[in-house]
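Okay, structure first, notes after.
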There are 2 protein chains.
Amino acid sequence: MKRVLITGAAGFVGGLLARRLSAADAGIEQLVLADRASASVTGSARWIEGDLADPAFVDRLAAERCDTVFQLASQPGGQAEREPARGRRINLDATLDLFEAVASAGTEHGARPVMVFASSIAVYGTGLTAQVDDRTPLHPALSYGAHKRMAEIALADFVRRGELEGCSLRLPGIVARPRGPAGQASAFMSELMHALAAGERFVCPVSAQASAWWMSGECAVRNLLHAARLDASAQQPGRTWQLPVLRLSLAQVVDALAQRFGDGRRRLVEYQPDDALEAIFGRYPPLDDRLARVAGFVDDATPALLIANALQAHEPLLTTTQGDNHDRTPHP
Amino acid sequence: MKRVLITGAAGFVGGLLARRLSAADAGIEQLVLADRASASVTGSARWIEGDLADPAFVDRLAAERCDTVFQLASQPGGQAEREPARGRRINLDATLDLFEAVASAGTEHGARPVMVFASSIAVYGTGLTAQVDDRTPLHPALSYGAHKRMAEIALADFVRRGELEGCSLRLPGIVARPRGPAGQASAFMSELMHALAAGERFVCPVSAQASAWWMSGECAVRNLLHAARLDASAQQPGRTWQLPVLRLSLAQVVDALAQRFGDGRRRLVEYQPDDALEAIFGRYPPLDDRLARVAGFVDDATPALLIANALQAHEPLLTTTQGDNHDRTPHP
């Protein structure tokens, strides 16, 4: 991993990854950050601004001939559901265009480019069975999830054809995203942490018993980097990994926040469950993630570490330089 | 089913379906047949010639506002593997464009358009487990199969959004295709029948023990029509059906041919297995097709009926009017 491209680099996860790779000790020779608007970043990274929906922009990125590409750019699930044409354009067509262009351009040293694609647990949809494993039928409840699944299949096909290396990672809700309006329907998971950390009231749109899959931005970055370095022989046939997660109820997360910030914080939470959100984000069953663990992927280990990682990740080293409501990170 | 559009109507399965629906007793008011080159057809059908890769052609088809659309047009698996850009264009992009355009144009009477999409058993790929069912992991061994799977997911998403009705059918090798060069890697399955029917020698590229999934064109047409009439309440959540099949070894098919045409025909077959073909077409395991049978889908019942249906289907009522090596039928 010497020449690296990150799409969606001004987004939450993209920004954390960019910060990590721009550090001097990361040993990256060339770090190319792509997004619709650049953001400040420490180190020697270079920004390329443009819209992934523009084929010329995709070609320009491929012409960098990076050995490793993190495809994090996406139209969030809520927005994609309201604007299906734009959703298809970014989350499917442009993603495939990028795979194709990067495969065709190749790398500086002739090795196959490694593509790490940020997929999502949105591929599963609602009505999940008692335990999720690699045979769980997928019935996405959002076009976002349908397109993520389609792109996973496309990436596996590029690998089969010998044109790319790499894999797709199914990311759960990543916390704690920056506060403020976001396109993600799951934004409440981050908002809960920020509110209780700040000592503010929080109206929770799912019940205390709602069980969700959790991962910090810090942990997501570790897994993305691990994926980029994973040997082909350690890959699964479909080149898709369900990452390990912490499966926690909202009450368990509130407990962990109360443990860190004081018991009084519990009283700040009022549960007003929304049926639709509860159905999508409150019914995640246990996950059989043994394969991913054996392959070296990780979760945040404990609720306390989840909180610590999540709120540490929030310290902004990246500041978006212009207004931009197009979030590029991979969660619905 | 009053106004019907068939894409790939000059292909093998498309032609059989067109012939059936153009019969006076089919009760179709308007039958629109689309393909790159028209073919003669009895009845009141109307041809529209064009390339599905052309967005204007797709819009023109959608403007017919048919209540039922059979999307049979495809780039065959062998060709798509050699020309991946064209394969993606037809089997994925244009197929999704058609879904989108038909959903957007709607129907004459305001009901949701019914889309019946010809998918393929190529979605499974090699390395199948002991029995195939609806939880079998899919690892397509051809881009054709990857794109078919992606289009299945897209159609299910249009249905979920309330913009289309219908479903995808996974078709096995359909016999007996017309003789002559075809893009399908599975063409030998049809060629075997034609050769033995005609009393000609046949060099079989898979072994006598090779087990494949078989269906006649006649049977495929019955299933396509059944799919178009299937009530939404009878559909599966993923809107994808693995059709029932006859699982037969090559030796069993040769037996059935010998039974019909005389025992001497056995000596016409020489087995010269090709490892690659054997891996793809000779290792199909048993199939749990109970769900599809309960829903009313059918197979050819017996090897003898398979042969009878397959060779009857071969009688050409449709003659392609110009040279065209672009086959539109759904099998690899």
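The values are calculated or read from the model by the stated rules, or taken from the named source; none is laboratory data. Because the structure is a prediction, the values reported are computed rather than measured. No Cβ is skipped: glycine too gets one built from the backbone with ideal geometry, and neighbour counts run over all protein chains shown. The accessibility values were calculated without ligands, DNA or RNA, using every heavy atom of the protein model including side chains. Shrake-Rupley method; radii C 1.70, N 1.55, O 1.52, S 1.80 Å.
Restricted to strands (runs of 3 or more DSSP E) entirely inside segment B:121-225, those with at least 3 residues that are over 16 Å from the mean Cα position of the chain (by Cα) are B:202-204.
Assessment of segment B:170-190 against the conditions (more than 14 Å from chain A (Cβ to nearest Cβ), among the β-branched types (Val, Ile, Thr) and open to solvent by less than 10 Å² (accessible area, probe 1.4 Å)) yields at least one matching residue. Those helices (runs of 4 or more DSSP H) of segment B:244-297 in which 2 or more residues are at pLDDT 95 or above occupy B:250-261, B:290-294. Residue selection: B:Pro113 satisfies the criterion of being within 17 Å of B:Leu224 (Cβ to Cβ) and either away from chain A (no Cβ under 12 Å) or open to solvent by 20 Å² or more (accessible area, probe 1.4 Å) (or both).
All of (1) free of Cβ contacts under 8 Å to residues at least 12 places away in the same chain; (2) more than 27 Å from A:Val294 (Cβ to Cβ) hold for A:Gln209 with one exception: (1). Within segment B:221-246, residues that are open to solvent by 40 Å² or more (accessible area, probe 1.4 Å) have Cβ atoms under 7 Å from residues that are in a loop (DSSP other than H, G, I, E, B) in these pairs: B:Arg222/B:Val298; B:His226/B:Gly296; B:His226/B:Phe297; B:Arg229/B:Met1; B:Ala234/B:Ala295, counting only partners at least 6 apart in sequence or on another chain. Taking into account only those residues within segment B:132-145 that are modelled with pLDDT of 90 or more and closer than 18 Å to B:Pro172 by Cβ, which is farthest from the other protein chains (Cβ to nearest Cβ)? Of everything passing the filter in segment B:132-145, B:Val132 is farthest from the other protein chains (Cβ to nearest Cβ). When A:Val123 is tested against (1) within 27 Å of B:Ala156 (Cβ to Cβ); (2) in contact (Cβ under 8 Å) with a residue 60 or more places away in the chain; (3) among the hydrophobic types (A, V, I, L, M, F, W, C), just one condition goes unmet, and that condition is (2).
Among the residues of segment A:62-83, those that are under 28 Å from A:His109 (Cβ atoms) and within 20 Å of the chain's Cα centre (by Cα) comprise A:Thr68, A:Val69, A:Phe70, A:Gln71, A:Leu72, A:Ala73. The criterion of being within 14 Å of chain A (Cβ to nearest Cβ), among the small types (Gly, Ala, Ser) and under 21 Å from A:Arg88 (Cβ atoms) holds for B:Ser119.
Based on what the data block shows, is A:Arg149 facing chain B (nearest Cβ under 9 Å), charged (D, E, K, R) and open to solvent by 10 Å² or more (accessible area, probe 1.4 Å)? Judged against the criteria, A:Arg149 is a match. Annotation: B:Arg260 fulfils all but one of (1) open to solvent by less than 50 Å² (accessible area, probe 1.4 Å); (2) in contact with a helix residue (DSSP H, G or I) (Cβ under 8 Å, 6 or more places away or on another chain); the unmet one is (1). Screening A:Leu96 against (1) at pLDDT below 95; (2) within 13 Å of A:His147 (Cα to Cα); (3) of a type outside the set (Val, Ile, Thr) leaves a single unmet condition, (1).
Here B:Glu165 passes the criteria (1) open to solvent by 10 Å² or more (accessible area, probe 1.4 Å); (2) within 12 Å of chain A (Cβ to nearest Cβ) except the one numbered (2). Scoring A:Gly180 on the criteria (1) out of contact with any Asp or Glu (no Cβ under 8 Å at 6 or more places or on another chain); (2) touching a residue at least 24 places away in the same chain (Cβ under 8 Å) leaves a single failure, condition (2).
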